[in-house]
Amino acid sequence: MTKIADIVYYLESLFPKETAEDYDNPGLLAGSSDGEVSICMLSLDATSDIVNRAISESADLLITHHPVIFGGIDTVCTDDPCGRILTSAIKNDIAIYAAHTNLDKNPAYSNGVLARRIGDEQGTARPLEGTSCGVAFDLPVTLRLGDYIEQIKDSLEVTGVITINDLNSGVRRVFAQGGAFDEDSIPALIDNGIDVVVSGEIKHHITLLLEEYGIRSVIAGHKATEDVYMPNLADDLTKRFPDVRFLVSL
């Protein structure tokens with residue numbers, strides 16, 4: 001029977017922990033690697049609601065993108081949300097594993113997936129030198145920004161996005177970065193002729209700076225731009241571990 005250690009070993013072959021950012025905390029955060037797994041749930045976050053769903057499904061392992069232990073904690077008490085979540089998981093024998101910025105660095109499981117959802121029909125999205133993560137691709141044809149926004153909304157199943165730009169401007173070359181946009185990428189975007197950045201979060205003054213360089217921006221929500229990662233990872237894990245039932249809860 002598959003053990004948690006088997007899944008951890010495979011995940012860390014895809015997303016080496018040493019590639020994570022210094023501030024990050026990926027890896028096995030609760031439970032024992034010796035435990036056996038018959039049901040595994042995947043979700044963006046380990047919230048109380050998600051852990052309760054994992055309990056109701058009799059899950060043995062919860063894989064998340066964002067670490068539930070982040071920035072350091074001093075105690076595990078049920079008086080605070082993080083303590084309640086960890087206590088609930090441990091009491092119900094649910095291990096918790098997170099793959100965060102180390103997963104972001106593998107575009108086949110992160111921004112490449114986002115790119116395919118928002119218009120990379122040929123699967124040509126590629127990382128750009130000078131960026132921490134994110135991928136660039138060309139739409140099949142130049143689109144009016146307003147029309148492309150409608151396409152993004154439909155593909156990510158969101159009711160709205162944020163942009164400060166002229167909806168009649170044309171866009172074709174896209175830079176996709178799920179979650180939060182890394183402003184240190186701007187020189188590389190300029191050098192590569194990017195027309196529009198699609199991300200989950202972009203600071204207002206950065207959208208203004210991008211506009212000055214002729215680069216439009218579309219803010220589609222942190223959750224919406226990263227939720228797309230989890231079904232893709234679940235499909236891969238199902239092929240690798242056919243004796244385990246993988247569930248996605250978004």
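A short reminder: the numbers here are calculations on the coordinates, not readings from a lab. Everything numeric in this text was worked out from a predicted model, so none of it was measured. Reconstructed Cβ throughout: ideal geometry from the backbone, glycine too, with neighbour counts over all protein chains shown.
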As straight-line cross-link partners of Lys17, the qualifying aspartates and glutamates (C-alpha separation under 15 Å, not fewer than 8 residues apart within one chain) are Asp104
1/(1 + (r/R0)^6) with r = Cβ-Cβ of Ile162 and Tyr213, R0 = 25 Å, i.e. FRET efficiency to nearest 0.05, evaluates to 0.85
What the 5 Å binned alpha carbon P(r) of the chain shows, as percent of pairs per bin from 0, is 1, 6, 13, 17, 17, 14, 11, 9, 6, 3, 1, 0
Here the averaged projected area of the stretch 1-137, based on the convex hull of its alpha-carbon atoms and given in nm², is 9.6
The local net charge around Leu139, scoring Lys/Arg +1 and Asp/Glu -1 for residues other than Leu139 whose Cβ lies under 10 Å from its Cβ, equals -2
Burial-style ranking of 24-35, 166-177, average other-beta-carbon count within 10 Å with highest first, yields 166-177, 24-35
Of the candidates Ile90, Pro127, Ala59, the farthest towards the positive dipole end of the chain (Lys/Arg Cβ +1, Asp/Glu Cβ -1, centred on the Cα centre) is Ala59
Looking only at lysines whose Cα falls under 21 Å of Lys91's and that sit 8 or more positions away or on another chain, we get Lys3
Under the helix-only model (-39500 (n - 2.57) for each DSSP H run of 4 or more, divided by the residues of the chain), the mean residue ellipticity at 222 nm, to 500 deg cm²/dmol, is -9500 deg cm²/dmol
Listed by chain and number, the lysines with an alpha carbon less than 18 angstrom from that of Lys153, same-chain partners under 8 positions apart left out, are Lys223
Quick calc, Ser13 & Thr142: beta-carbon distance into FRET formula, R0 45 Å, rounding 0.05, result 0.70
Taking every other residue with Cβ under 14 Å from the Cβ of Glu183 and scoring Lys and Arg +1, Asp and Glu -1, one gets -4
Met1 and Lys91 label points (each 7 Å along its Cα→Cβ direction) are spaced in nm at 2.4
Residues whose built amide H sits under 5 Å from the amide H of Tyr97, excluding neighbours closer than 5 in sequence, are Leu29, Leu62, Ile63, Thr64
The base-10 log of I(q)/I(0) that the Debye equation returns for the stretch 111-219 at q = 0.10, 0.14, 0.22, 0.23 Å⁻¹, one scatterer per C-alpha, is -0.22, -0.45, -1.28, -1.43
Highest GNM mean-square fluctuation among Val141, Val158, Val196, for the chain with Cα springs under 10 Å, belongs to Val141
Between Ser132 and Arg53, Cβ-based FRET efficiency (R0 35 Å, step 0.05) works out to 0.65
Answer in debye to the nearest 20: the dipole magnitude of the chain about its Cα centre, from +1 Lys/Arg and -1 Asp/Glu charges placed on Cβ, is 480
The stretch 123-177 and the stretch 192-244 have their Cα centres apart by a whole-number Å value of 9
The answer for trypsin sites (Lys or Arg not before Pro) in the stretch 34-117 that fall in a DSSP coil and have at most 10 neighbouring Cβ atoms within 10 Å is none
Scattering profile of the stretch 65-127 from the Debye formula, Cα beads only, expressed as log10 I(q)/I(0) at q = 0.28, 0.29, 0.30 Å⁻¹, is -1.15, -1.19, -1.23
